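The values are calculated or read from the model by the stated rules, or taken from the named source; none is laboratory data. Nothing here was measured: the structure is a model prediction, and the numbers come from that model. With ligands, DNA and RNA removed, areas are computed over all heavy atoms of the protein, side chains included. Shrake-Rupley method; radii C 1.70, N 1.55, O 1.52, S 1.80 Å.
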Amino acid sequence: MAKNKKISVKGIEIITFKKNESDYISLTDIARYKDKERSDYILQNWMRNRSTIEFLGLWEKIHNPNFKSIEFDGFKSEAGSNSFSLTPKRWISSVNAIGIIAKPGRYGGGTFAHKDIAFEFASWISAEFKLYLIVEFQRLKEEENKRLELGWDLKRALTKINYRIHTDAIKTYLIPPHISKQSTNILYATEADVLNMALFGRTAKDWRDENQKKDGNIRDYADVTQLVVLANLEGINAELIRRGL
C-alpha cells in the first residue's frame, strides 16, 4: 500500500491511499461529516440498506473474481429488515470483499473503500458533500500527475545528458578515423542497442516494427524507473568503453 494522503472537504480531513493502482478513501472520515462521535454507527446504518448491499455486491461481482456470491445472496435477502445489521469487518470476511478495507490503528486506521464505493457513501451522507469530495479528490490526482510528469521530464533530461557522454565515448574510443558516415551511424546505433536489449529486451528497430503507428522511439515511451536505469547504463557503458572492456 502507498503512503496515506489527506484531503480537506468541508472542514473534514479525509485520508486516501493507493492499493494495487486503485484509490481508496476513508469511509470513517466521510461519516464524521454526519456525526463526529459516532462514525461507526453511521457507516453501519448505511450498510444495512438493501440498495447499499446491492451496490456493494454488484461492484464486487465486476471487480472481484473471488467474491462469494452465495454469502452475498444471504445478506441481500436480509437487508432492510429491522433485525438486520452489518459491519464492514463482517462484510469483508463473509464475502471476501476487496472494495472495502478495514485498517487497524489509532492513527490512519478505520474503514476504507474503493473510490467508487466511497463516492456512493458520500451521496448517502450529503449530495453537497459528495460534490466537494470529488472536487478535492480530483485536485489531489491532478497534483500527483503533475509530479509524475515532472519526475519523468527530469529523468528524461538526465538520460539525454548521459546519452551525450555515451556517444562521446563511442566517438573517441570506438570509431576509427576515415570511415563513412553510414558506418559511423551503424556503430552508434549498435552500441545504443546494447543498452536497449539489456533494458527493454529489443532493439530500436524491433520496437519501430512493432509500433509503426507511434511517434518517437523506444526511449520516449519508457517509464520513470526505466529512464533511471537507462541513465545509469549509459554512464557505466561509457566508462567501460573508455577502459577498452
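Largest GNM mean-square fluctuation among 183, 77, 26, using the chain with Cα springs under 10 Å: 183.
Using heavy-atom solvent-accessible surface (probe 1.4 Å) with all chains present, what is the largest-first order of 178, 166, 63?
Descending order: 178, 63, 166.
Residues 84, 200, sorted by accessible area with the largest first, give 200, 84 [1.4 Å probe; ligands and nucleic acids excluded].
Under the rule a/c < 1.5 gives rounded, and otherwise a/b versus b/c splits prolate from oblate, where does region 129-245 land using the Cα gyration tensor? Numbers along the way, then the final one.
Working: a/c = 3.57, a/b = 2.32, b/c = 1.54.
Here region 129-245 falls in the prolate category.
Remark: accessible surface ordering of 47, 197 (largest first) is 197, 47, probe radius 1.4 Å. In this structure residue 48 has an accessible area near 60 Å², from a 1.4 Å probe over the protein heavy atoms.
Please compute the contact order of region 95-245 in relative form: average sequence separation of alpha-carbon pairs under 8 Å and at least six residues apart, divided by the residue count, as a percent.
Details: 94 pairs, mean separation 36.5, N = 151.
Reported relative contact order: 24 percent.
Please calculate how many Å² of accessible area region 97-245 carries per residue, with a 1.4 Å probe and no DNA, RNA or ligand atoms counted. Mind dumping the intermediate values first?
Values: 9300 Å² over 149 residues.
On a per-residue basis, 62 Å².
With a 1.4 Å probe and every protein chain kept in, tell me what percent of the accessible surface of region 66-112 is carbon plus sulfur.
Within region 66-112, the accessible surface is 49 percent carbon and sulfur.
Mind running the shape call on the chain? Use the C-alpha gyration tensor, a ≥ b ≥ c as the square roots of the eigenvalues: rounded below 1.5 for a/c, prolate if a/b tops b/c, oblate otherwise. Here the chain falls in the prolate category.
Counting lysine pairs in region 1-84 that sit 8 or more residues apart in sequence, or on different chains, and whose Cα atoms lie under 23 Å apart gives 18. For region 187-233, the square roots of the Cα gyration tensor eigenvalues, ordered a ≥ b ≥ c, give a/c of at least 1.5 with a/b no greater than b/c, which places it in the oblate category. Short-range pairs are left out: with C-alpha atoms under 8 Å and at least six residues apart, the relative contact order of region 1-61 is 19 percent. One Cα centroid belongs to region 105-126, the other to region 187-222; the line between them spans 44 Å. Mean-square fluctuations from a GNM of the chain, with a 10 angstrom spring cutoff on Cα atoms, peak among 106, 50, 164 at 106.
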